[in-house]
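**Q** Structure incoming, see below.
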Amino acid sequence: MPDVDVAIVGAGLAGLSAAYKLAKNGLNVLVIERGPYPGSKNVSGGRMYLHAIRRLIREIPVENMPFERFVVRECITFVGEDSYVTLELNQFKVKQYTSGIVLRARFDKWFASLVEENGGVIVTNKRVDDLLFENGKVTGIIAEGDQITANAVIIAEGANSFLAEKYNLRKSFSPKSMTVAAKGIIELGEDEINKRFNLKNREGVAHAFVGITKGVQGGGFIYTNKDVVAIGVVCLLESLVKNKISIADLFEYYRLHPAIQRYIEGGKLIEYSGHLTPELGINMMPKIVSNGLLIAGDAAAFFLEGGPILRGMDFAIESGSLAAETLLIAHKRKDFSEKTLSIYLELLNNSFVLRDLKRYKNAPKFMNNPRLYTIYPKLINEIYKQIMHIDGSTKPLLGKLMLNLMFKNVNPIYLVKDIIEAMMYL
Amino acid sequence: MSEKKYLNVSERLALTSYNPDKESHIFVDTEKCLSCPTYACLYVCPAKVYELRDGKIHYNYEACMELGGCIIACHQMGNKAIKWRYPKGGYGVIFRYG
């Protein structure tokens, strides 16, 4: 008899989602987390799309989960040389929230306690170093010398997934396919946030910024939490190196930029953090099923970047949940072979996880275009400025004005190409 | 921390919690760095663990926030000098907000 039915590496959203479902269905589950508490190593920008967690945890309404706030306003700001233009989406007949803002150190801790209430066991302060094998099948893990045997193992250890690399389940990452983020938590207080962002109760704002990264491929974000504000920059690794701009310096440039200071002025920075995400999604998916083994979440490169949309957490929850569903079937059949566990691939193919990742598979081709981060944000500003500027001289007609500015700033062939690519790839 | 003042990275890191291990989880063959074409590690680390001083790479593992971006940068764009693993369980960075 193995020590447990399922051993899960990592108490992030993928691992905890799998553990929750397995424990709820009566299996013996052990989650091994290297941090001192679940969430202590976990960073996200802040926004989780709620559909996946709603389906997984049906008995608790999302309003009763430790979301900081729920997004009621979407903003995107295009930053020019000495100005910025903001587009704002407010919907006032929404019956149900689409996304919530989280601080992972708080959220994952809560999620882990929910897993424990349902009978799952979580061990912290333990690093998993190796997998145990028997006759070509994964039969457990080795965590700092301790062996734990299991019928199946789920690797949910995040973007680096050293275990997947060690056992040749994934290719080496390319700097073209990974983004790094630097994030800061700004203390403002609940009332001040409500006042500055014009919010009440648990309403929140998700705000993206383009053109604020000194030409590096990437962007910035602001998310309002309950009493703190999260700010940060997310950049393509290769682009930072090519532009010789440090993500650490860029963060401070961003934090002190007038477009950001407008919201956080006077607020104290109280935590500085960072995160790595696999940007290419489906194009770098590792081998996620083998004998006795499944991979879920960021470790499986389930991450989507499509324009201003960043999604990792709903993919993590859904893939963890489907990994659990697979193992429940395998448990019934008492068969944890690769063949049976391949049900996981079928389930993923029929879910939004692989459907959406396939749908957006060309998005990085579009995103890998320096004009998006330099010329276009500037152009939007210049056009808007000229439209609004009055000094007594007579302006050309709007069409002429726009064409003049466009042709002055960007080769029309590129402009046409970029518009076509946006329609094809996004 | 005053709000509008530029905070250098060590001032920022002073706000982040750590439980540093006595042993480093990062190993850099700094001889290899001498002929590195890009010094990619300098640009991708939000904690500036890596620093170029007097033509040599110095690294401070205690500041590491455990992203792992430096490994990819070094191995794909640099001279494959960085060896890196997660710190032992319980050690390293501890995010209070995340």
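**Q** On a straight-distance basis, which aspartates and glutamates could pair with A:LYS137 in a cross-link, Cα separation under 18 angstrom, same-chain partners fewer than 8 positions away excluded?
**A** Within reach: A:ASP3, A:ASP5, A:ASP129, A:GLU165, A:ASP335, A:GLU338.
**Q** Once Lys and Arg get +1 and Asp and Glu get -1 on their Cβ, which of A:LEU328, A:PHE315, A:LEU426 lies farthest toward the positive end of the dipole of chain A?
**A** A:LEU426
**Q** On to the next question. So between A:ARG58 and A:ASP146, what do we pick up on full extension, going 0.36 nm a residue minus the alpha carbon distance?
**A** Roughly 28.1 nm would be gained on extension.
**Q** How high is the relative contact order of the range A:178-278, given as a whole-number percent (alpha carbon pairs under 8 Å, six or more residues apart)?
**A** 42
**Q** Can you give the calculated 222 nm mean residue ellipticity of chain A, where each DSSP H run of n ≥ 4 adds -39,500 (n - 2.57) and the sum is split over every residue, rounded to the nearest 500 deg cm²/dmol? Intermediate values should be presented prior to the final figure.
**A** Details: 16 runs with 153 residues, N = 426.
That calculation yields -10500 deg cm²/dmol at 222 nm.
**Q** Sticking with this structure for a sec: When the gyration tensor of chain B is built from Cα positions, what are the square roots of 5 times its three eigenvalues, in whole Å, from largest to smallest?
**A** Three semi-axes, in Å: 24, 17, 11.
**Q** Within 10 Å of each residue's Cβ, count the other Cβ atoms and sort B:CYS36, B:CYS45 from fewest upward.
**A** Least crowded to most crowded, the residues run B:CYS36, B:CYS45.
**Q** What order do you get for B:CYS70, B:CYS64 when you list them from fewest to most C-beta neighbours inside 10 Å?
**A** Going from sparsest to densest Cβ surroundings: B:CYS64, B:CYS70.
**Q** Where in the range B:20-43 is the amide nitrogen less than 16 Å from a point lying 7 Å along the Cα-to-Cβ axis of A:LYS244?
**A** B:36-43
**Q** Around A:ASN201, what is the net charge, scoring Lys/Arg as +1 and Asp/Glu as -1 over all other residues with Cβ under 13 Å from its Cβ?
**A** Numbers: positive: A:ARG69, A:LYS200, A:ARG202, A:LYS226; negative: A:GLU63, A:GLU68, A:GLU190, A:ASP191, A:GLU203.
The answer is -1.
**Q** May I pose another question? Using the beta-carbon distance between B:GLU11 and A:SER174 and R0 = 30 Å, what value does 1/(1 + (r/R0)^6) give for FRET efficiency, to the nearest 0.05?
**A** Once the sixth-power term is evaluated, E becomes 0.35.
**Q** Share of Cα-Cα pairs in the range A:366-425 beyond 15 Å, in percent? Before the final figure, lay out the partial values.
**A** Working: 970 of 1770 pairs.
Result for the distance tail: 55 percent.
**Q** How far is the Cα center of the range A:37-65 from the Cα center of the range A:100-140, in Å?
**A** Distance between centres, Cα-based: 15 Å.
**Q** On to the next question. In what sequence, highest mean first, do A:392-398, A:287-293, A:230-236, B:55-61 appear when ranked by Cβ atoms within 10 angstrom? Display every interim value, and only then the final one.
**A** Details: A:392-398: 8.0, A:287-293: 20.6, A:230-236: 26.0, B:55-61: 15.7.
Put in order of decreasing packing, that is A:230-236, A:287-293, B:55-61, A:392-398.
**Q** Still on this model: Would you tell me the mean number of C-beta atoms belonging to other protein chains that fall within 10 Å of each C-beta in A:104-110, as a whole number?
**A** On the way: counts 3, 5, 3, 1, 1, 1, 0.
Other-chain Cβ atoms within 10 Å of each residue's Cβ, averaged: 2.
**Q** Quick check: pseudo-label points 7 Å beyond the Cα along Cα→Cβ at A:HIS51 and A:ASN198, how many nm apart are they?
**A** Result for the modelled spin labels: 3.0 nm.
**Q** Roughly speaking, what % of Cα-Cα pairs in the range A:324-426 are separated by over 19 Å, rounded to a whole number? Working shown, then result.
**A** Details: 3385 of 5253 pairs.
Everything past 19 Å amounts to 64 percent.
**Q** Give the percent of DSSP beta bridges with both residues in the range A:14-143 that are antiparallel, rounded to the nearest 5.
**A** 85
**Q** Can I ask one more? What does the extension gain come out to for A:GLN91 and A:LYS339, with contour length at 0.36 nm per residue minus their alpha carbon separation? Write down the numbers at each step before the final one.
**A** Numbers: separation 248, 0.36 × 248 = 89.28 nm, distance 4.68 nm.
Residue separation times 0.36 nm, minus the Cα-Cα distance, leaves 84.6 nm.
**Q** Report the charge-dipole magnitude of the protein assembly as shown in Debye, nearest 20, computed about the Cα centre from +1 at each Lys and Arg Cβ and -1 at each Asp and Glu Cβ.
**A** Here the protein assembly as shown has a charge dipole of around 1160 debye.
**Q** Further question: With unit charges on the beta carbons (Lys and Arg positive, Asp and Glu negative) and the dipole taken about the Cα centre of the range A:47-197, which residue among A:ILE193, A:TRP110, A:PHE70 sits farthest to the positive side?
**A** The one lying farthest along the dipole's positive direction is A:PHE70.
**Q** How do A:THR213, A:THR139 rank when sorted from fewest to most other Cβ atoms within 10 Å of their own Cβ?
**A** On the way: A:THR213 27, A:THR139 22.
Final ranking by Cβ density, sparse to dense: A:THR139, A:THR213.
**Q** Sticking with this structure for a sec: Using the Kyte-Doolittle scale, find the helices of chain A whose mean hydropathy is at least -1.0 and whose Cα atoms extend 18 Å or more along the helix's long axis, counting only whole DSSP H runs.
**A** Span-like helices, by this rule, are A:104-117, A:313-333, A:375-388, A:412-425.
**Q** For peptide B:4-12, what's the mean number of Cβ atoms from other chains within 10 Å of each residue's Cβ?
**A** 5
**Q** Arrange the peptides A:350-361, A:170-181 so that the one whose residues have, on average, the most other Cβ atoms within 10 Å appears first.
**A** Put in order of decreasing packing, that is A:170-181, A:350-361.
**Q** On alpha-carbon atoms, Rg over Rh for the range A:245-401 using Kirkwood Rh? Working shown, then result.
**A** Numbers: Rg = 23.4 Å, Rh = 19.8 Å.
Ratio of gyration radius to Kirkwood radius: 1.18.
**Q** Per-residue Cβ counts within 10 Å, from other chains only, averaged over B:77-88: what number is that?
**A** Partner-chain Cβ atoms within 10 Å, mean over residues of B:77-88: 3.
**Q** At q = 0.23 Å⁻¹, what log₁₀ I(q)/I(0) does a Debye calculation on the Cα points of the range A:1-129 give, no solvent, two decimals?
**A** Debye intensities relative to I(0), on a log10 scale: -1.35.
**Q** At q = 0.20 Å⁻¹, what is the base-10 log of I(q)/I(0) for the range A:56-188 according to the Debye formula with one equal point scatterer per Cα and no solvent? Please give it to two decimals.
**A** Log10 of I(q)/I(0), two decimals: -1.31.
**Q** May I have the convex hull volume per residue, in Å³, for the Cα set of the range A:178-278?
**A** In the range A:178-278, the Cα convex hull volume per residue is 88 Å³.
**Q** Between their Cα atoms, which of A:LYS385/A:LYS417; A:LYS226/B:LYS80; A:LYS93/A:LYS400 are more than 31 Å away from each other?
**A** Those over the limit are A:LYS226/B:LYS80; A:LYS93/A:LYS400.
**Q** Over all alpha-carbon pairs in chain A, figure out the percentage whose distance exceeds 38 Å.
**A** Everything past 38 Å amounts to 26 percent.
**Q** Taking the alpha-carbon set of the range B:20-76, what are its Rg and Dmax in Å?
**A** In Å, with Rg to one decimal and Dmax whole: 10.8, 32.
**Q** Moving to a separate point now. About the Cα centre of the range A:178-278, how large is the charge dipole given +1 on each Lys and Arg Cβ and -1 on each Asp and Glu Cβ? Please answer in debye to the nearest 20.
**A** That gives the range A:178-278 a dipole magnitude of about 240 debye.
**Q** Moving to a separate point now. If I take every Cα pair under 8 Å that is 6 or more residues apart in chain B, average their sequence separation and divide by the length, what percent do I get for the relative contact order?
**A** Relative CO of chain B lands at 38 percent.
**Q** With equal scatterers on the alpha carbons only and no solvent term, can you work out the Debye log10 of I(q)/I(0) for the range A:123-181 at 0.13 1/Å?
**A** -0.41
**Q** I would also like to ask the following. Among DSSP beta bridges lying fully in the protein assembly as shown, give the percent that are antiparallel, nearest 5.
**A** Numbers: 67 of 90 bridges.
About 75 percent, rounded to the nearest 5.
FYI, it's all coordinate maths here, none of it is from the lab. On a predicted model such as this, the values are computed, not experimentally measured, just so you know. Virtual Cβ from ideal backbone geometry, glycine too; neighbours counted across all protein chains shown.
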